[in-house]
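Notes for the one structure printed next.
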Amino acid sequence: MKIKNILWLNAVLVLIVMFAVTAPVNAGGKVYKLGLSLAITGPTSDAGNPYAKGVEDYFKFANETKILGEDTIDCTIRDDQYKTDITKRNFEEYLDEGIVMYLNYSTGSTLGLKRDFEEEKIAVLPASYHAGNIDNSNYIFLPVASYSEQLVALSEYVVKNHKGGKAKVAMFIHPSAFGRGPVDDAKKAVAAGLNMEIIEVVEHGKDLDNSAMLKRLMSKDVQYVLCHTVQSPVATMLKDSSRLGLTAETYGEKGKLTFLGVHYTGGNDLIALAPDACEGYFWTCSFNLTSEKGEGTTKQLALAKLYGRDDKAANSHNYAAGIMVAQVTTETIKRVKAKGKKVTKENCYNELNAMNGANAYHPYTTMGPVTYSKTDRAGVDMLQIYSVQGGVFKKIGTPIQSEYMKKIK
């Protein structure tokens, strides 16, 4: 059966390549301009680089397989090195080119350009899932559940599975608005009744050794460390904890540390950075992982193969996240066209707001459907908890939603 599936997949790939080579792209059709500014180099580029590849590959696929008929998408992708001033300049130049939607990246630049998006009345899908992005905003659409919802949901998981009194946790976060925002919501959940005590919030620096910090947490009887940053500092901390013999061998092991994290802290990229030390790490995400085989991950790997991506990029959930925003954007344009309307900023914005109910859209990259409206700006509400088991991330239970986020919103 496996051999038949492989042969079938290879045959499909061959047909796609033949179609892409023989079919003329944009034979008299319209071209829709888009722009993406993100960190391909510099801070957080370990996420930004595969994300950019996912966006690029799916738009190529959409054009070559004529998802929009004779019309095509032209998405300019530029490196902003995680610098808001460069992002702003890129955005302004994209506007001059007549973009109909915009794909942004960082929390800082999304917050910094929020008023610009309002003035230009342009729909924006960022790679940042910071809940503050959509506060007092009409034009920013989060692709998936916010970091806050993910951190609170993970906190709820800690509490439900903790044995013996109140769970004592520490937060290990990025020293920025990206890192701090969800902590405030976790504190609100605790105030609303979540049976958890936040002992310490650690904003990590660039230290290469976390030994002193880990020993301090142990001295305060911390049992769980919830992470909200990117993979590199988490990998360093996990390796330090493993070296010191502080990492729990089973979930919630008394006298040890159980590590958990949100979106950008995990995935196959983390395993590559800390292959042995990340065993037992718990992580929440809205994306399908290639370590759990299915129709969606098969398509993701086929896309990566089609455009010559290496295994690291192909298996990254950041690559999937890039594919996903390109899928949503393409689907939005397709729906505008299907209604016989001109593809403009306004019509794309209105079509996103109509993406709900029977009109919800389910990309093959995510755990659940994308739904938006004028009062709902988080696309995929479902979250999956994964854990590293035997060197790969495996699903823990079924997809969940946070209970306490509904109470504190």
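The values are calculated or read from the model by the stated rules, or taken from the named source; none is laboratory data. What you see is a predicted model; the values in this text were computed from it and never measured. When we count neighbours, we look across all protein chains shown, and the Cβ atoms used for this are built from the backbone with ideal geometry, even at glycine. For accessibility, only protein heavy atoms count, side chains too; no ligands or nucleic acids. Shrake-Rupley method; radii C 1.70, N 1.55, O 1.52, S 1.80 Å.
Looking only at the stretch 211-251, residues that are closer than 22 Å to Ala186 by Cβ, among the small types (Gly, Ala, Ser) and surrounded by fewer than 19 Cβ atoms within 10 Å (Cβ to Cβ) come to 1 in all.
Here Thr265 clears all of (1) open to solvent by 10 Å² or more (accessible area, probe 1.4 Å); (2) out of contact with any Leu (no Cβ under 9 Å at 6 or more places or on another chain) except the condition numbered (1).
For the stretch 265-326, which helices (runs of 4 or more DSSP H) that fit wholly inside it have 2 or more residues that are under 13 Å from Ala47 (Cβ atoms) and among the aliphatic types (A, V, I, L, M)? The qualifying helices (runs of 4 or more DSSP H) are 268-273. With respect to His162, is the statement that it is surrounded by fewer than 24 Cβ atoms within 10 Å (Cβ to Cβ) and closer than 26 Å to Tyr224 by Cα true? The answer is yes for His162.
For the condition more than 14 Å from Thr265 (Cβ to Cβ) and out of contact with any helix residue (DSSP H, G or I) (no Cβ under 6 Å at 6 or more places or on another chain), Val152 does not qualify.
Could you check, for the stretch 335-344, whether at least one of its residues is open to solvent by less than 10 Å² (accessible area, probe 1.4 Å), at pLDDT 95 or above and not small (Gly, Ala, Ser)? Yes, some residue in the stretch 335-344 is open to solvent by less than 10 Å² (accessible area, probe 1.4 Å), at pLDDT 95 or above and not small (Gly, Ala, Ser).
Tell me, yes or no, whether the stretch 147-161 has at least one residue that is closer than 27 Å to Gly35 by Cα and touching a Phe, Trp or Tyr at 6+ places or on another chain (Cβ under 7 Å). Within the stretch 147-161, one or more residues are closer than 27 Å to Gly35 by Cα and touching a Phe, Trp or Tyr at 6+ places or on another chain (Cβ under 7 Å). Filtered by the rule that a residue be open to solvent by less than 20 Å² (accessible area, probe 1.4 Å) and assigned to a helix (DSSP H, G or I), the stretch 186-210 gives Ala186, Ala189. Within the stretch 223-257, the set of residues being closer than 17 Å to Ser155 by Cα, part of a loop (DSSP other than H, G, I, E, B) and within 28 Å of the chain's Cα centre (by Cα) comprises Gln223, Thr229, Tyr251, Gly252.
The set of residues from the stretch 385-403 being at pLDDT below 95 and buried (at least 21 other Cβ atoms within 10 Å of the Cβ) comprises just one member, Ser402. For the stretch 142-149, the count of residues that are surrounded by fewer than 22 Cβ atoms within 10 Å (Cβ to Cβ) and of a type outside the set (D, E, K, R) is zero. Flag not set for Val183, criterion: within 16 Å of the chain's Cα centre (by Cα), closer than 30 Å to Leu352 by Cα and open to solvent by less than 40 Å² (accessible area, probe 1.4 Å).
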